[in-house]
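Sending over a structure as structure tokens; questions will come in a sec.
The values are calculated or read from the model by the stated rules, or taken from the named source; none is laboratory data. Not measured: the values here are computed from a predicted model. No Cβ is skipped: glycine too gets one built from the backbone with ideal geometry, and neighbour counts run over all protein chains shown. These area figures cover heavy atoms from the full protein model, side chains too; ligands, DNA and RNA do not enter into them. Shrake-Rupley method; radii C 1.70, N 1.55, O 1.52, S 1.80 Å.
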Amino acid sequence: MGTKFFKIAVVYLVIGVSIGYIMGITHNFSYTSVHAHVNLLGWASMALFGLIYHFYPKAGETKLAKTHFWLHNIGTPFLTAGVFLIVFLENDALTVVPIIGSNLVLIGIILFLINVFRHVKKENLSS
Ligand code: HEM
């Protein structure tokens with residue numbers, strides 16, 4: 001689970017910094033929230049999930065971790081692409097897309113919390 005999260009996190013990092021780079025050179029900052037969510041939910045959060053599942057393999061092997069993985073990885077593209085489309089098409093009617101995404105991400109993060117409280121403990125730490 002750790003490896004999967006790391007690999008996907010790096011892809012989001014490349015996309016996130018590229019959006020930042022393009023905003024910087026074009027001086028068009030309308031996509032700041034897309035850039036911030038790609039970097040923070042895609043890169044930073046997934047890299048941290050990966051680290052925790054790597055160091056606590058018991059947590060990474062659970063059904064909770066698998067469900068969390070899928071909810072986060074379906075929710076994040078819905079959220080980020082949804083915000084991108086709202087800005088690009090100037091159409092607020094699409095707000096439902098990031099709302100679906102954010103609900104999936106939030107449910108996944110609640111499962112992550114349960115998993116951390118159950119399995120992240122000293123005796124489960126792997127070096
Ligand atoms: C090559 C790397 C990066 C470039 C060129 C870049 C560029 C930018 C630019 C141009 C903005 C808009 C600033 C504005 O609206 O005035 C921005 C905002 C932001 N960036 Fe980046 N960025 C980079 C990497 C990152 C990374 C790695 C993260 C997080 C892990 C990040 C998080 C944010 C956040 C949270 C904002 C919103 C700040 C706010 O609205 O106050 N950026 N970035």
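Once each part is reduced to its C-alpha centroid, what is the distance from the stretch 1-49 to the stretch 59-115 in angstrom?
The two parts, judged by their Cα centres, are 14 Å apart.
Okay, next question. Most mobile of Ser102, Ser30, Ser45 per a Gaussian network model of the chain (Cα springs, under 10 Å)?
Evaluated over the chain, the most mobile residue of the options is Ser30.
Just list whichever of Lys4/Lys66; Lys4/Lys122; Lys7/Lys121; Lys58/Lys122; Lys7/Lys66 have alpha carbons separated by over 19 Å in the model shown.
Numbers: Lys4/Lys66 11 Å; Lys4/Lys122 24 Å; Lys7/Lys121 25 Å; Lys58/Lys122 12 Å; Lys7/Lys66 16 Å.
Cα-Cα > 19 Å for Lys4/Lys122; Lys7/Lys121; rest within.
Continuing with the same structure: Could you work out how much longer the chain between Asp92 and Thr32 gets when fully extended? Use 0.36 nm per residue separation minus the Cα distance between them, nm to one decimal.
Details: separation 60, 0.36 × 60 = 21.60 nm, distance 1.69 nm.
Taking 0.36 nm per residue and subtracting the Cα distance, the gain is 19.9 nm.
Let me check against my output: what whole-number percent is the relative contact order of the chain, with C-alpha pairs under 8 Å and at least 6 apart?
It rounds to 29 percent for the chain.
How large is the charge dipole for the stretch 2-124, taken about the Cα centre, if only the Cβ atoms of Lys, Arg (+1) and Asp, Glu (-1) carry charge, to the nearest 20 debye?
The calculation lands at about 640 debye.
Taking the 0 to 90 degree range and rounding to the nearest ten, how far is the long axis of helix 46-55 tilted relative to the main principal axis of the chain, both from C-alpha atoms?
10
Rg and Dmax of the stretch 25-127, Cα atoms, in Å?
Every Cα atom of the stretch 25-127 included, Rg and Dmax give 16.1, 52 Å.
Give me the percent of accessible area attributable to carbon and sulfur for the chain, probe 1.4 angstrom.
Carbon-and-sulfur percentage of accessible area, whole number: 72.
Counting heavy atoms of the protein chains only and a 1.4 Å probe, report the per residue accessible area for the chain as a whole number of Å².
Result: 59 Å² of accessible area for each residue.
What accessible surface, in Å², does a 1.4 Å probe find on Ile22, ignoring ligands, DNA and RNA and rounding to the nearest 10?
90
Starting from the Cα-Cα distance between Ile25 and Val10, subtract it from 0.36 nm times their residue separation and give me the gain in nm to one decimal.
Contour length minus the Cα-Cα distance gives 3.2 nm.
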